[in-house]
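Worksheet: one structure, shown below.
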Amino acid sequence: MAHVTLILTRTPLDEFILDGNQNKDVDELTEEQRLRLYLPRHAPVTARPSVKRKSGRWGSLLVLAGPKVTAASFAMAGAGATVMLAGRALSLAAEAGGFRSKEYTTLERYRGSFGSLEQSERFVMMPARDEPYPLKVERGNRVVKTMRDGHSGDCIRVLGGETRAQRGILIHEAPNVGWVIGCIAPRPKGNKGVFSNRDGNPSFNAMKEILETMTAFGHGKGSLFVLP
């Protein structure tokens, strides 16, 4: 029986901030430079952060349609089937058979508005674990519909979270990081641009492809591995 498996990796860390109408890479900043992102100009580095920023991180998402995957790891060298994800060999424990696969880039929120890495009830990332999270296609989600007039609200709900915030995490389109707090937004592999908030933007098209795959091969259901 066909199954749809999504596998997410967030390594290596690739952090950015939304700066006007572009995503500005901030991986190479010194600690002082990073602190100053959240301070008014000429404020001492010891001042309390008061400039809000939208921080995000890039990841890679592999979508597999085929045999059911029971384990996925970069560390299981030579075990089971092998696929490529983010330029690395990923080993799968899976039932016999071949896969149809496609890789996407993902966008997630990273730091809080003032640079903190502490997560809160609203700002949360789905934690890595060995066991996959169940997925289900959700049509007409009322929150996703607020993205723009006429949006379908179609998305994928991640099930099995341990906290209220984790149980609210969705996979959905996002033209930029301002549209996600704890959710996961796919886009074409390697595309790290800021998009227009309209039907047909690259994130919209990536999400449409994933929804079609889950509907055709998984009857609207699937599973998500979040790798450490």
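The values are calculated or read from the model by the stated rules, or taken from the named source; none is laboratory data. Remember, it's a predicted structure, so these values are computed and weren't measured experimentally. Don't worry about glycine lacking a Cβ; one is built from the backbone with ideal geometry, like all the others, and counts go over all protein chains shown. SASA here: full protein model, heavy atoms, side chains in, ligands and nucleic acids out. Shrake-Rupley method; radii C 1.70, N 1.55, O 1.52, S 1.80 Å.
Here is how the numbers come out for the structure above:
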| quantity | calculated |
| --- | --- |
| Amide H within-cut-off set for D199, under 5 Å, with H built and near neighbours excluded | none |
| Amide H partners (placed H, <5 Å) of K54, local residues excluded | L18 |
| Ranked order, H172, H42 - accessible area, probe 1.4 Å, largest first | H42, H172 |
| Segment 185-228 shape via C-alpha gyration tensor axes, a/c threshold 1.5 | oblate |
| Between 0 and 90°, nearest 10: helix 202-218 axis offset from the chain longest Cα axis | 30 |
| Over segment 89-181 - Rg/Rh using Cα atoms and the Kirkwood inverse-distance radius | 1.00 |
| Cα gyration tensor shape for segment 137-228, rounded if a/c is under 1.5, else prolate or oblate | rounded |
| Globularity ratio of segment 1-144, using Cα Rg and 2.2 N^0.38 Å | 1.32 |
| Protection proxy ranking, peptides 104-113, 213-222, 20-29, 125-134, average beta carbon neighbours within 10 Å, highest first | 104-113, 213-222, 125-134, 20-29 |
| Accessible surface, 1.4 Å probe, highest first, among residues H151, H3 | H3, H151 |
| D199-T215 pseudo-label distance in nm [points 7 Å out on the Cα-to-Cβ vector] | 1.3 |
| 3J(HN,Hα) from dihedral phi, segment 16-27, Karplus parametrisation 6.51/-1.76/1.60, rounded to Hz, x for glycine, proline | 8, 10, 7, 10, x, 10, 9, 9, 9, 5, 10, 5 |
| List V83, V177, ordered by accessible area with a 1.4 Å probe, largest first | V83, V177 |
| Phi to ³J(HN,Hα) by Karplus 6.51 cos²θ - 1.76 cosθ + 1.60 over segment 40-56, Hz, x for Gly, Pro | x, 4, 6, 6, x, 5, 7, 5, 6, x, 9, 9, 7, 9, 9, 9, x |
| Helix-only mean residue ellipticity at 222 nm for the chain, each DSSP H run of n ≥ 4 adding -39500 (n - 2.57), per residue, nearest 500 | -3000 deg cm²/dmol |
